[in-house]
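Derivation of every value follows stated rules applied to the coordinates shown; laboratory data play no part. The model shown is predicted, which means the values in this text are computed figures rather than measured ones. Don't worry about glycine lacking a Cβ; one is built from the backbone with ideal geometry, like all the others, and counts go over all protein chains shown.
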Amino acid sequence: MAHIRSLLLVLPFLPLWGVRERSAWAQALGTPPSAPPAPEGWSGMVALGLTGLVLLVIVGVVARLYDRRRTREADAIGLQSRLSDTLLADRTVQSSIVTTTVHAPLWKRSPFIVEVRGYVPNAEVRDAALRVVRREATKLRPDVEIADKLQIVPAPTDRSA
């Protein structure tokens, strides 16, 4: 019984007993971390410089493409507003619903695409609207393609019984 009592007194301190020896043992057997070998001569600086140069070129190309896209979109918006104003001023197209949308590709040599959408009462008004858009668009930009998306919808006739 005395042995059990002494064991119960020692048991809570048993995990702490070997802490000092274990930590000393772990430190004694461990090896210090080794530093990576130093690069020979200027090779590390050259690699770092080339990496910086490549990143700088990539950022420059992305900035140039973004600026080009922004400029082309601004040109497209200007052309679209000019075409809308011209269609509103033309008497033959005033009674119809005709809108234009200008698409500007990113590449400079690609032509702008002008979509002419809407509803017109007959083929003569359709041809007049396309003629007005083509005339005004080629006046502002010679490299314009016209996409005809106009629909001919005859005006309803009033029938009273």
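In table form, for the structure just shown:
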| read-out | value |
| --- | --- |
| Where trypsin sites (Lys or Arg not before Pro) fall in DSSP loop in segment 56-161, at most 11 other Cβ within 10 Å | Arg91, Lys108, Arg109, Arg159 |
| Label-reachable residues, segment 82-118, where backbone N falls under 18 Å from a point 7 Å from Val61's Cα toward its Cβ | 106-108 |
| Linear extension gain, Trp107 paired with Leu48, 0.36 nm per residue minus alpha-carbon span | 17.9 nm |
| Cβ charges +1 (Lys, Arg) and -1 (Asp, Glu), total dipole of segment 79-155, debye | 220 debye |
| Sparsely packed chymotrypsin sites (Phe, Trp or Tyr not before Pro) within segment 96-161, loop by DSSP, other Cβ within 10 Å at most 11 | Trp107 |
